[in-house]
1. Treating the Cα atoms of region 292-356 as identical point scatterers in vacuum, please give the log10 of the normalised Debye intensity I(q)/I(0) at q = 0.24 Å⁻¹, two decimals.
2. Between residue 52 and residue 274, what's the calculated FRET efficiency when r is the beta-carbon distance and R0 is 30 Å? Round to 0.05.
3. Would you mind counting up the charge near residue 145? Only other residues with Cβ under 13 Å from its Cβ, with Lys and Arg at +1 and Asp and Glu at -1.
4. At a probe size of 1.4 Å, how large is the accessible area of residue 14, to the nearest 10 Å²?
5. Quick one: 3J(HN,Hα) in Hz for region 348-356, Karplus 6.51/-1.76/1.60 with θ = phi - 60°, rounded, Gly and Pro as x.
6. For region 13-28, just list the computed ³J(HN,Hα) in residue order, Karplus coefficients 6.51, -1.76 and 1.60, θ = phi - 60°, integers in Hz, with x standing in for Gly and Pro.
7. For a Förster distance of 60 Å, can you work out the FRET efficiency between the beta-carbons of residue 40 and residue 375, rounded to the nearest 0.05?
8. Grab the Cα-Cα distance for residue 77 and residue 109, subtract it from 0.36 nm times how many residues apart they are, and report the gain in nm with one decimal.
Amino acid sequence: MAVEQVAIFGAGTMGAGIAQVALTHGCTVRLIDTQPGAVERARESVGARLQRQVDRGAMSAEEHAAVLARLIKGSIDDLAGVELVVEAVIEDLEAKQALFAQLDAAAPAEAVLATNTSSLAVGEIASPLRNPSRVVGMHFFNPAPVMALVEVVAAEATSDAAAGLVAETASAWGKVPARTTDAPGFIVNRVARSSYVEAFRMLDEGVGGPDTIDGAMRKLGQFRMGPMQVADLVGLEVNYAVTVSVFERSGQPARFEPPAAQARLVEGGELGRKTGSGVYDYASDPPGENAGGEIAPLDLSPELAAAVDAFVEAAALCDPEELAQASAAERYAFARILGSVLNEAARALGDGAASGEDIDAAMQHATNYPRGPVAWGQDIGYATLARLLSALDATRDDDSYAPAPLIAEAGE
């Protein structure tokens, strides 16, 4: 086991989930929260989830009791012996910086301090510390006991030892660690961002309704859900906030510009499943379309149409009959979304944000991608991908589809 003594700050949904993961892999966990009753509620939720394992015969009653006995209500004044501290408080830079400044003084000097941030810069969180080398990102995905991926984020000052301990701990806890630099969006929120931006852009452009755009990804790419379905599931305001964060932290590139169609839904309080309507209307079963407008005729240049067809023929994972039945709008939506995602994966690989193996593992384990985007792009062929992206880029004047250097070089 990588560590035995863990402290977790924040007893909300994510903190309680991380605590459960650590507890069930033999750790003693000090769970800390300043809100009255928060730790007690977390203990109850962890106990209830583990009881379901007992009911299924996957855990004995004795094991259940032993696991809960290792969950201790802690305080910042009692961190002696703690090897790893995981922060899971509100996603606010000032709040996290204030907590880490306290941890710098309270935690043992040899303890690694990890933040579960999903979108803030790890280096900025660590900036108040005298020793920022012991701060590392340890980004779990919700629900933490179920989702396999943990992004291990090394800021510029993060030591190899700190990042290594977090990666080793994630593996010991049954997770798949994917190492990345402190780049905007890390791996998952960066690479997946293009799918949401492009889907909502096409909704506004009248390429098709949600069923057409999301359906193209399910049918041709064998994705379990389309990007707008995913956004509705996690909450449109949550998804939109991440888009804004990645856009701002990346220097406001046009390819990440937050889409107007999504902004309108958020501003109108239509946040997805949680409110009963978002992109889809959940009053019906199956959900009907709630967003989108008039469908415009698809008018592609001969070069773009040919590039779309070549890309789709090389990229589609469906059987030939389904591919033959796909409409022109479905083929275009699939090519534009997947092409943008593969382009961003190549950018991340090229700028050293992560290895190809880590990018592919991250996208498959965190977002259920049917294939890793680096390997998928390489199998399609960067020349084919460059042709598509260059043809798409000719439709705009903001470099939204400019091929990543790795792809552009192959297309020359």
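1. Ignoring solvent entirely, the Cα scatterers give -1.04.
2. 0.80
3. +3
4. Roughly 40 Å² of residue 14 is accessible to a 1.4 Å probe.
5. Karplus values, whole Hz, x for Gly and Pro: 4, 5, x, 8, x, 5, 6, 6, x.
6. 4, 6, x, 5, x, 5, 4, 4, 4, 5, 4, 6, 10, x, 7, 8
7. The formula returns an efficiency of 0.85 here.
8. 10.1 nm
The values are calculated or read from the model by the stated rules, or taken from the named source; none is laboratory data. Just so it is clear, the structure is predicted and the values come from calculations on it, not from any experiment. A quick note on method: Cβ atoms are made from the backbone with ideal geometry, for glycine too, and the neighbour counts reach across all protein chains shown. What goes into the accessible areas is simple: the full protein's heavy atoms, side chains included, and nothing from ligands, DNA or RNA. Shrake-Rupley method; radii C 1.70, N 1.55, O 1.52, S 1.80 Å.
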